[in-house]
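FYI, it's all coordinate maths here, none of it is from the lab. As the structure is a prediction and not an experimental result, all values here were calculated from the model. We place every Cβ from the backbone using ideal geometry, glycine too, and count neighbours over all the protein chains shown.
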2 protein chains.
Amino acid sequence: MRVSRLLLVTLRDDPAEAEIASHKLLIRAGYIRRVASGIYAYLPLLWRVLQKISAIVREEMDGSGALETLLPQLQPAELWQRSGRWAGYTAGEGIMFHLCDRQGRELGLGPTHEEVITSLAADLLRSYRQLPVNLYQIQTKFRDEIRPRFGLMRGREFIMKDAYSFHGSEECLRQTYAAMDGVYRRIFQRCGLRVVAVEADSGAIGGSASQEFMVTAEAGEDLILTSSDGLYAANQERAVSLAPPAVPLPGGMRLSGAGEPLATPDATTIEQLAAGHGFDPTQVVKVLLLLARFEDGLRQAVVISLRGDQQLNEVKLVNALTARLGAAHGTLLSIEPLSTDLARELRQKEGIEIDPAALPLGYLGPDLEEGALVDRRGLAEPAQGMARGSGARLATTVLRLTDATAAALTAFVCGANRPGHHRVGVSWEGLGLTPDVVDLRACQAGDRCLHDPSQTLSAVRGIEVGHIFQLGRKYAEALEARYTSESGQEETLWMGCYGIGVSRLAQAAIEQNHDNAGLNWPVAIAPFEAIVVSASAQDPQQVSLAESAYDRLRQAGIDALLDDRDERAGVKFKDADLIGIPWRLVVGRGAARGEVEVVFRADGHRRDLPLDQALEVLISAITASRSGLGDSA
Amino acid sequence: MRVSRLLLVTLRDDPAEAEIASHKLLIRAGYIRRVASGIYAYLPLLWRVLQKISAIVREEMDGSGALETLLPQLQPAELWQRSGRWAGYTAGEGIMFHLCDRQGRELGLGPTHEEVITSLAADLLRSYRQLPVNLYQIQTKFRDEIRPRFGLMRGREFIMKDAYSFHGSEECLRQTYAAMDGVYRRIFQRCGLRVVAVEADSGAIGGSASQEFMVTAEAGEDLILTSSDGLYAANQERAVSLAPPAVPLPGGMRLSGAGEPLATPDATTIEQLAAGHGFDPTQVVKVLLLLARFEDGLRQAVVISLRGDQQLNEVKLVNALTARLGAAHGTLLSIEPLSTDLARELRQKEGIEIDPAALPLGYLGPDLEEGALVDRRGLAEPAQGMARGSGARLATTVLRLTDATAAALTAFVCGANRPGHHRVGVSWEGLGLTPDVVDLRACQAGDRCLHDPSQTLSAVRGIEVGHIFQLGRKYAEALEARYTSESGQEETLWMGCYGIGVSRLAQAAIEQNHDNAGLNWPVAIAPFEAIVVSASAQDPQQVSLAESAYDRLRQAGIDALLDDRDERAGVKFKDADLIGIPWRLVVGRGAARGEVEVVFRADGHRRDLPLDQALEVLISAITASRSGLGDSA
């Protein structure tokens, strides 16, 4: 390809719309253009990268015996209603774009394909002889993100490889899951990425086990916690660890389990309480009052108790609430702090009466009275004044959940449930409560590991590029996907699913491989492997030697670019560095002697060599590094 | 690939949902499954076909210098509002799926990409040095079809290759248009299709010239008219021809230009008038009364006069109305007969008063009085009682259009504008009308050709698989896509666009290549080129010879399938024929002698040969026919 025909438009300045390096570079180097929020045009250079990544994904997936297919992007609501996910994906924080067609039928734009593939499996899979089977596709997916950002990192339209496997037994599912783990590691390695596999939360996809593959990079949206011995790595959303030991309350403060009152004006935060009254945060039980909204209209007040030095892990909380109430009340649509503003809004919009004045915010204790927080009629019928169908109603009891760190304290400080007052020397017994213990704390760097308390966790940021799940039988049960076993029994299928963010992977590769001059692609996924540049477009000897080098590279099967533009050498070199072509062959003054310069983008190493030798070096280095096992010269 | 791992599910019976052969076969042979109306899952077999077609398309497009890209499927309404197409594509008969995102912004699901690419061109193209450029993509497109049908033929979600070229001059546009004509012919030839190129209507895409590529097949939705000398071929929507000569009215009936009244009860159709009163249909002027609705609320009564033996071509009418009124009143949303029912509906829904009793339907003359058909206030203000914004209002004049066949009559029969009466011996002068002549007639098989009246048109049905357009500057003007010319002037870009229906092409290939036993793929786009079948899965000698043949075919680069299922030979042969693999290698009783049978699917020709020789025949035939230039053995 000639640069003059490549529609190459590079920008000198960083675009205002971009925050992180990879996003800036994608725009500056002419790889993408924004069409709408989180929606991008993929220009020819990026398309070549995506094709190379897809080719590696296809080779490895096909090699594992998976079959490529293509499922529709438009999906009937009815399938998602059968799996119980329609409301969760379209209402509240739901991220599925959806529309009505001309017949008034609701359709969603696929963010994922469990429903479609499972209904297809129910149709196509009949016998154990057909199992296991693993179907995959490489396809544009859609998510109506609340905050699209960072270019292709969190877009509203993006390319995914998603695969779904079906099995006759959990054991067989585990085998394919393990095989896909290997396939994924090879794919990322071949793409030239440094990736960490971590334990992950399964989120809205569900299932019993899942693992994410993270490209480590400062700009990553995820926090990964890893043990120094390398035996444990998990997404913070899911991570478990030992909290630091608590500092016991001084003996004198431990006499009364009901607690001694303490006037604490202006101490509505743990920091203020610690600073003003000399308590260590580990001596305090911090109480959060939240309101959870469920699909069927249930509004549930939740009182969370945590040790004062700990933070709430919202993902763990969502999982705990879903586990307890999801089956009866449908999808958890939202969960938010029950502030006085929210109490007013609830009264106006949902007809739910919670007296804002009855909330001693900043001074809550684990034994906060139910009072205004429950339906006083004890019925949990739809609140008065609500439109039929919305059915919003307050639960008849408060749900109290206590993190293990708080539950383990035998004497602690906590709010007195009236403004300006705390209690000191409180025990759970003294409060008359038996803590309902749930792991709700966010692990942090520095925490000790569960598997070996002498190890500590350290944190690194990561970009999720892959996620594999053991789904179990959740979808197959909902969509009645069954097969006849060898013994003639009709049984429900076991299922796994396996995703790779193809467009995100391209940007993650840039985040891991760039410098001040521009991108620095791993050879295996570079849009072109080499670029031939003549220093002067006016010197016929240089031009002709450059043409000849270009032809010979192409004949050798190298994906080569020729910068044939009538620009200054400096401009051409800058563009070559900016767009990140791994190898550059410069035809300059040495052309008269038949000599050229070979430059390796990654380390800037340059050598003057006779053309033949230069081509040999280039071709053998490129061929060797295509496997993704290393880009060294 | 082994058949046991292919997820092959074939059906014995024709599916109830399918009407035409190719659709039935796609389902029966396990290529597709329906997910919703006009929305299909592409199973692994079809996906392989689509990949092969796409590879041919890519090779030819890349070879022509076009650049592959990928544009978003979600498109902001604002871009379509700038080009003036949003209303036409989303309201009335508009076929664009559209939705609101969580910020309340309107987005359309791309049925085509002129707006997106032109806004991108406005950003990226600055200088004549960058021109011409041709960008293409292979992508899933969406159309909310009024009547999705025939499987992939008219789906709501389908795969297109669409290309858009930009030029500094019309001459350069014409050159690329001609080059794309050649590229398209090669693509279809390589895919093994018999295709006719025809003059086409440009429809909602617009522009000055366009040509369609039609796969000839009985099940085609389009009617193609071709001259016997092969010099003329056009879609009926667009075709022109000479109508048969009219039979003159007998002299005695030609005296009065105003016409002699004739009582014609029960003669509301041309057929009844001809049968009951002895007129030849060519002696009659047939009058159609229609109502056109425009985007800005204008409701326009249209009186069409056609010679009695001619039919209205609706596409020509839409073009004529758009040409006359589109610039002032926006998109033509619909056009329909102005019946008494419609008149009532207009009163109820749009507040427009047309007295149903004032319409002498069945007895209309070209001089039908304006009467109830115009806004009597002469203002064409929004009708009373209408919601603000909808602005529906009746035009202040009737639009009268006359086809050349009617205009050419010097004395004719026509309705008397009162029920039960016609007039005989009418002339245009006698009616006091000067016909506003427009070509509105539908050409038919048997018509004489314009280019040579000794030639006649014959009709054949076709499936549109490609369409190329000279768009001119319509989109570039609307979206302000300009470049700086060599002389330093800022000029508007010229533009072409070029589409291929990739998924439709796959089904069209089946429509052209099938028999009672199943599909019969051209080698170049077959999911597999050869299938190896052992007659008995129990005979170790057969199994081992089959395995060896399969391995050797794959080593020779043949896309081979091995039917390793433990099924009867008949079942395996039937499936091989049904799924349409071009070559079959059968390992049967001859295995003991090292002999196999080679079968060519297209003609059923079979030969017994020693394995080595059989492989040689197969490999050389397949290699030769991959070019798509012929599948002969």
**Report entry** Scattering profile of the stretch A:72-133 at q = 0.20, 0.26 Å⁻¹ [log10 I(q)/I(0), Debye over alpha-carbon scatterers]
**Finding:** -0.76, -1.08
Report summary line: In the B-onto-A rotation, chain B's nearest residue to the axis by C-beta, with distance in whole Å, turns out to be B:Leu99, 2
Report task. Would you work out the relative contact order for chain A, in percent, from Cα pairs under 8 angstrom that are 6 or more residues apart? Result -> 18 percent
Query raised in the report: In nm, what does the list of distances from B:Glu78 to its counterparts in the other copies look like, shortest first, when each label sits 7 Å along Cα to Cβ?
Result: 3.8
Requested in this report: Take each uninterrupted DSSP H stretch in chain B, measure its Cα extent along the helix axis, and return the ones at 24 Å or beyond whose mean Kyte-Doolittle hydropathy is at least -0.5.
Outcome: B:44-63
Report summary line: In Å, the C-alpha Rg and Dmax of the protein assembly as shown are 36.5, 130
Query raised in the report: Whole-Å semi-axes of the stretch A:44-147's equivalent ellipsoid, largest first, each the root of 5 times a Cα gyration tensor eigenvalue?
Result: 27, 22, 11
Requested in this report: Between beta-carbons, use under 13 Å as the cut-off and find the net charge around A:Asp181, counting Lys and Arg +1, Asp and Glu -1.
Outcome: 0
Report summary line: Here, A:Arg607 and B:Arg376, labelled 7 Å along Cα→Cβ, have an inter-label distance in nm of 9.6 nm
Query - Nm distances between copies for A:Gly432, ranked from closest, using label points 7 Å along Cα→Cβ - result: 10.0
Requested in this report: May I ask you to derive the FRET efficiency for B:Ser208 and A:Arg149 from their Cβ-Cβ distance with R0 = 41 Å, giving the value to the nearest 0.05?
Outcome: 0.40
Report summary line: Asserting the computed 222 nm helical MRE of chain B (DSSP H runs at least 4 long, -39500 (n - 2.57) per run, divided by residue count, to nearest 500) equals -7500 deg cm²/dmol
Report summary line: Computed over the stretch A:398-537, the distribution of all Cα-Cα distances in 5 Å bins, rounded to whole %, is 2, 6, 7, 8, 8, 9, 10, 9, 10, 10, 8, 5, 3, 2, 1, 1, 0, 0
Report summary line: With a Förster distance of 56 angstrom and the Cβ-Cβ distance between B:Leu361 and B:Thr484, calculated FRET efficiency to the nearest 0.05 equals 0.40
**Report entry** Over the stretch A:521-625, volume per residue of the alpha carbon convex hull, in Å³
**Finding:** 83 Å³
**Report entry** Sequence-separation-based contact order of the stretch A:251-438, relative, with Cα cut under 8 Å and 6+ spacing, percent
**Finding:** 33 percent
Report summary line: Cα-based Rg/(2.2 N^0.38 Å) for the stretch A:1-55, rounded to two decimals, is 1.17
Report task. Please average, across the residues of B:149-160, the number of beta carbons from any other chain that are within 10 Å of each residue's own beta carbon, and give a whole number. Result -> 1
Query - Diffusion constant of the stretch B:305-446 at 37 °C, which comes from Stokes-Einstein with the Kirkwood Cα-pair radius and 0.692 mPa s, µm²/s - result: 195 µm²/s
Query - More than 19 Å apart - percent of Cα-Cα pairs taken over the stretch B:151-236 - result: 50 percent
Query - Given charges at beta-carbon only (K, R positive; D, E negative), |dipole| of chain A in Debye - result: 880 debye
Query - Residue mean of other protein chain beta carbons inside 10 Å, B:41-51 - result: 5
Requested in this report: Quick one: plug the Kirkwood hydrodynamic radius of the stretch A:218-368 (C-alpha pairs) into Stokes-Einstein at 25 °C, 0.890 mPa s, and report D in µm²/s.
Outcome: 134 µm²/s
Query raised in the report: Quick one: if you take sqrt(5λ) for each eigenvalue of the C-alpha gyration tensor of the stretch A:460-506, what semi-axes come out, biggest first, whole angstrom?
Result: 34, 9, 9
**Report entry** Size-normalised alpha-carbon gyration radius of chain B, reference 2.2 N^0.38 Å
**Finding:** 1.16
Query raised in the report: If we sort B:351-363, B:152-164, A:66-78 on the protection proxy, mean other Cβ atoms within 10 Å, highest first, what's the order?
Result: B:152-164, A:66-78, B:351-363
Report task. Along Cα-to-Cβ, 7 Å out, sits the label point; list in nm, shortest first, how far the one on B:Gly257 is from those in the other copies. Result -> 11.6
Report task. Taking the Cβ of B:Leu433 as the centre, find all other residues whose Cβ is under 15 Å away and add up their charges (Lys, Arg: +1; Asp, Glu: -1). Result -> -4
Report task. Quick one: net charge around A:Ala404, please, counting Lys, Arg +1 and Asp, Glu -1 for every other residue with C-beta under 10 Å from its C-beta. Result -> 0
Requested in this report: Can you run the Rg to Rh ratio on the stretch A:114-154? Use alpha carbon positions and the Kirkwood inverse-distance Rh.
Outcome: 1.21
